[in-house]
Amino acid sequence: MRRSRIFLYFSLMAAPLLATEGAAVQIAPQLRADNIDEVVNAMTLEEKARLVVGGGNKSFGDGTTMVGNQKKIVSGAAGVTVAIPRLGIPATVLTDGPAGVRIGPTREGSSQTYYATGFPIGTCLACTWNTDLVENVGKAIGNETLEYGCDVVLGPGMNIHRNPLCGRNFEYYSEDPFVTGAIATAYVKGVQSQGVGVSSKHFAVNSQETDRTKVDERVSPRTLREIYLRGFEKMVRESKPWTLMSSYNLINGQFAMGSKDLLTDILRKDWGFDGMVMTDWDWRVYLPINEELTAGTDLLMPGLPFQMDSIIAMVKSGKLSMKDLDVNVHRMLQFIVRTPHFKNYNYSEKPDLKAHAQITRQSSTEGMVLLKNANETLPFQNVKKVALFGVNSYDFSSGGLGSGSVNVPYVVDMVDGLKNVGISTTQTLTDIYKSYVKYARFKLKVDKNPAMWFLDNGQPKLDEIEITERCIQHEMAEADAAVITIGRQAGEAMDRSIENDFNLSPLEQRLIHNVSGICHSAGKRVIVIINSGSVIEIASWREFVDAILVAWQPGEEGGNSVADVLTGKANPSGKLTMTWPIAAVDHYSTRNFPQEYDIYTYKNMETYIYGNIKGIDYSNHEEDIYVGYRYFDTFKRQVAYPFGFGLSYTNFVYSKSEVTLNKKTSEIEVSVVVTNIGKTAGKEVAQVYVKAPEGKLEKPTKELKAFAKTKLLQPGESETLRMRVAQRDLASFDESNSQWLVEAGAYQILIGSNSADIKATLSVNVSSYTEKVSDVLHLKEPLNLLRK
Ligand code: BGC
């Protein structure tokens with residue numbers, strides 16, 4: 001609040017100053033929404049160059065040497081754009097996301113704290129399949145962005161879960177582009193309704209973290225359009241994001257940030273995007289700046305001093321035309337006039353964290369997925385005391401690592417979560433684990449390698465400890481049930497390994513085995529909570545336990561949210577937005593996914609972030625369009641849990657399915673009645689898949705094209721769900737003509753409760769449709785593509 005006033009005073013004082021560069025001396029216009037051209041004309045070359053280069057940030061030491069850089073406006077924010085007071089152009093502030101506002105929690109010389117709410121991670125939000133709920137979470141995140149003095153939140157994360165080993169899957173939504181686009185659209189609408197912007201990222205194909213700054217993602221144009229870009233396209237068309245962030249990686253030999261094919265031809269020409277594009281935080285700068293700016297990048301982040309000098313030199317030498325630079329400057333100003341800083345918003349630095357904690361508590365329960373519930377183990381009946389196993393029960397993880405982590409005020413662990421609903425935990429086990437967590441946290445702090453700064457961003461996972469059979473027996477004598485939390489942590493700049501990460505460690509397997517054996521012989525139940533941002537192996541141990549709940553990383557209220565589900569206060573209605581395979585290698589993409597990455601062996605920052613791990617700096621997308629269920633379904637491979645799966649404490653029946661073609665709009669209108677036939681109130685997600693007729697283009701067996709979620713249905717209650725599929729959404733990408741193509745014929749409309757449980761199959765005749773688009777981003781060399 002104070003800062004805005006200072007800026008206003010400063011800019012008023014500075015306004016009468018005259019431009020000194022150029023022959024003519026003129027009074028400087030002050031930026032308004034309707035005089036952008038005038039301001040561009042009045043800018044000196046130096047000012048233009050300054051505007052398209054971010055103001056640096058302090059992580060790597062040196063933001064302050066940037067010409068025109070100002071002192072930190074919001075401490076701990078990811079970056080700033082630079083003010084030009086002479087023209088009334090304020091600095092703007094960009095903060096990470098996406099699971100909440102990522103700023104420094106404390107400030108020197110101030111006793112006030114600036115903690116932000118840790119909301120559920122992207123994967124958990126997507127698994128709600130509830131766009132209203134996601135929009136509401138977006139509103140709360142937008143409100144914190146605004147009230148903490150920021151202009152843009154760097155999210156949503158929209159990359160496709162190509163493979164479960166990607167370290168940043170937790171920030172992303174799904175293996176499916178339709179769900180990704182729908183959830184992202186809701187998030188963006190929610191955030192932007194608060195008068196702040198988003199930066200949807202990472203555009204595009206940032207499907208792995210290993211070598212992320214130099215891996216060439218080699219992918220067919222068809223797969224690019226249908227799988228990796230389609231979610232972005234939907235979000236751009238439907239929610240008009242203020243900004244997009246390009247990815248670090250290359251796509252078919254072109255760096256995303258320097259790809260005119262991607263940033264101009266596809267994004268702006270084909271999709272009509274009219275916002276601003278920024279780079280990801282590019283410390284390395286592999287590309288000549290003129291290539292980036294003319295490709296469609298408008299803002300170089302975080303901004304390095306030499307970049308500004310380089311732009312000036314390039315314009316002077318003719319390598320970059322002033323006309324081209326003006327395009328970027330224009331877009332920057334269009335962005336700036338929308339921001340709270342431009343509007344001098346009087347931010348409070350006091351968002352309503354209590355209200356937002358309630359939003360996170362409720363929204364995360366709706367994203368939790370019940371995978372198993374044998375003999376109605378859940379919700380708890382007559383459970384007053386539990387034996388709580390697994391380190392994460394006591395060190396519950398609210399979110400992932402890296403820029404996607406949030407400085408949260410607290411994380412409710414399972415002990416407190418259960419206590420808050422009147423369930424106690426056995427004393428000895430609680431003491432053992434709590435003492436261990438205290439020790440291990442302290443040790444981690446002391447042993448920390450300063451180069452591993454990503455590990456400091458968020459809550460790294462602590463190692464598990466051995467619990468003896470004698471101890472289990474002792475605890476189970478007084479407990480009514482056992483709860484085991486299996487935790488995983490992953491994050492930016494690191495991918496996951498198969499051993500001890502995707503797969504359980506031998507110690508974890510032993511724990512599940514021993515606890516289950518002892519519990520079952522005493523007639524007691526075992527429940528496993530998965531506290532992870534991504535998928536783990538489950539098929540080898542699920543038979544031993546009675547119930548399994550995927551809690552994801554549900555935000556700061558974690559333990560409370562889990563307790564709400566365990567006790568039945570909330571009936572789980574989340575469904576998987578990604579397949580859970582039997583083994584990691586079952587994904588076809590695993591053969592092209594780096595698997596020898598061990599961050600702990602990397603000695604310094606340089607090799608850590610930029611190291612070329614196996615000497616391979618490309619990834620061939622040989623699976624092509626067969627990502628996720630498109631692969632498992634089409635090639636009839638068994639999975640542990642299919643895409644779209646999730647149980648409830650009640651049961652639903654589907655009836656009266658109908659499909660009609662709306663001749664006027666060419667939309668397929670689908671309706672189905674969902675009835676709750678159980679004894680508990682609950683919500684159900686219905687999914688519409690489409691199976692295309694045989695035609696010129698090979699297609700997956702079926703693809704998701706619509707979904708809808710019921711309201712909370714009371715026992716016996718019904719709701720008619722209505723869904724629409726636009727004709728254009730049936731299109732596949734026809735590379736040979738560079739067009740979207742719907743082939744005429746009878747399309748099957750499959751209405752299911754998950755991708756493997758189809759309740760009704762209908763048919764509709766569809767006419768053909770074509771739409772020519774830019775013929776760009778070709779493969780440099782052919783790939784050995786998987787075909788039916
Ligand atoms: C990440 C982005 C993030 C940016 C700013 C980059 O390293 O890839 O997702 O927004 O840093 O923190």
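The values are calculated or read from the model by the stated rules, or taken from the named source; none is laboratory data. Keep in mind that what you see is a predicted model, and the values were worked out from it rather than measured. As a convention, Cβ positions derive from the backbone with ideal geometry for all residues, glycine included, and neighbour counts pool all protein chains shown. Keep in mind that these areas ignore ligands, DNA and RNA; they rest on the heavy atoms of the full protein, side chains included. Shrake-Rupley method; radii C 1.70, N 1.55, O 1.52, S 1.80 Å.
In summary, segment 698-750 shows an alpha-carbon radius of gyration equal to 1.62 times the 2.2 N^0.38 Å reference for compact globular proteins.
Go ahead and run the numbers for FRET between residue 771 and residue 583, Cβ-Cβ distance against an R0 of 51 Å, rounding to 0.05. My answer for the efficiency is 0.80.
The slack between residue 354 and residue 498, meaning 0.36 nm per residue of separation minus the straight C-alpha distance, is 47.9 nm. Could you work out how far apart the two model spin labels at residue 274 and residue 540 are, taking each label as a point 7 Å from the Cα in the direction of the beta carbon, and quote it in nm? Roughly 5.6 nm, to one decimal. Taking the 0 to 90 degree range and rounding to the nearest ten, how far is the long axis of helix 177-192 tilted relative to the main principal axis of the chain, both from C-alpha atoms? Helix 177-192 sits at roughly 60 degrees to that axis.
Close amide H contacts of residue 114 (hydrogens built in the peptide plane, cut-off under 5 Å, sequence separation of 5 or more or a different chain): 106. Return the calculated 222 nm mean residue ellipticity for the chain, to the nearest 500 deg cm²/dmol, obtained by summing -39500 (n - 2.57) across DSSP H runs with n ≥ 4 and dividing by the residue count. That comes out to -8000 deg cm²/dmol. Each label point is 7 Å from the Cα along the Cα-to-Cβ direction; what then is the distance between the points at residue 510 and residue 638, in nm? Modelled inter-label distance: 2.9 nm. Taking the average, over residues, of other Cβ atoms within 10 Å as the packing measure, peptides 500-509, 81-90, 103-112, 332-341 rank 81-90, 332-341, 500-509, 103-112 from highest down. Here the Karplus relation 6.51 cos²θ - 1.76 cosθ + 1.60, evaluated at θ = phi - 60°, turns the backbone of segment 669-683 into coupling constants of 9, 10, 9, 8, 9, 10, 10, 7, 9, x, 9, 10, 5, x, 10 Hz, with x for every Gly and Pro.
Distances between placed amide hydrogens fall under 5 Å for residue 396 paired with 414, all partners being 5 or more residues away or on another chain. In loop segments of segment 642-709 as defined by DSSP, the GluC sites (Glu not before Pro) with at most 12 further C-beta atoms inside 10 Å of their C-beta are 694.
Compared with the dominant principal axis of the Cα atoms in the chain, helix 2-14 is inclined by about 20°. Pairs of C-alpha atoms in segment 170-312 farther apart than 27 Å represent 17 percent of all such pairs.
Only Cα pairs under 8 Å and 6+ residues apart enter the sum, and on that basis the relative contact order of the chain stands at 14 percent. Subtracting the Cα-Cα distance of residue 569 and residue 33 from 0.36 nm times their residue separation leaves 188.0 nm of extension gain.
Taking the square roots of five times each eigenvalue of the Cα gyration tensor of segment 611-762, the equivalent ellipsoid has semi-axes of 32, 23, 12 Å, listed largest first. Once Rh is set to the Kirkwood radius over Cα pairs, what Stokes-Einstein translational diffusion coefficient, in µm²/s, holds for segment 74-130 at a temperature of 10 °C and a viscosity of 1.306 mPa s? In µm²/s, the coefficient is 116.
Of all DSSP-defined beta bridges confined to the chain, some 65% are antiparallel rather than parallel. Please report the antiparallel percentage of DSSP beta bridges with both residues in segment 401-536, rounded to the nearest 5. Once the DSSP bridges in segment 401-536 are tallied, antiparallel ones form about 10 percent.
Converting the Cα gyration tensor eigenvalues of segment 191-239 into ellipsoid dimensions via √(5λ) gives semi-axes, longest first, of 25, 16, 6 Å.
Taking all C-alpha pairs of segment 715-788, those more than 15 Å from each other amount to 72 percent. Dividing the mean sequence gap of close Cα pairs (under 8 Å, 6+ apart) by how many residues segment 355-487 holds gives a relative contact order of 43 percent. Round to the nearest 10 and give me the degree value, 0 to 90, for the angle of helix 506-521's Cα axis relative to the longest principal axis of the chain. It works out to around 30 degrees.
Per residue, the accessible area of the chain comes to 36 Å², computed with a 1.4 Å probe over protein heavy atoms only.
Rg/Rh for segment 346-489 stands at 1.00; both radii use Cα atoms, and Rh follows the Kirkwood definition. In this structure residue 525 has an accessible area near 90 Å², from a 1.4 Å probe over the protein heavy atoms. In terms of packing, defined here as the mean over residues of other Cβ atoms within 10 angstrom, the peptides 463-471, 262-270 line up highest first as 262-270, 463-471. At a Förster distance of 35 Å, what's the computed FRET efficiency of residue 658 paired with residue 193, Cβ-Cβ distance as r, to 0.05? That pair, residue 658 with residue 193, gives E of 0.55. Max-minus-min Cα coordinates of the chain on each principal axis give 91, 67, 51 Å, with the largest extent listed first. What the Cβ-Cβ distance of residue 410 and residue 330 gives, at R0 = 51 Å and to the nearest 0.05, is a FRET efficiency of 0.70. With a 1.4 Å probe and every protein chain kept in, tell me what percent of the accessible surface of segment 125-165 is carbon plus sulfur. Answer for segment 125-165: carbon and sulfur cover 33 percent of the accessible area. Spacing of the modelled spin labels on residue 441 and residue 463, each 7 Å from Cα toward Cβ, amounts to 2.0 nm. Length gained on full extension, residue 681 to residue 722: 12.7 nm, using 0.36 nm per residue less the C-alpha separation.
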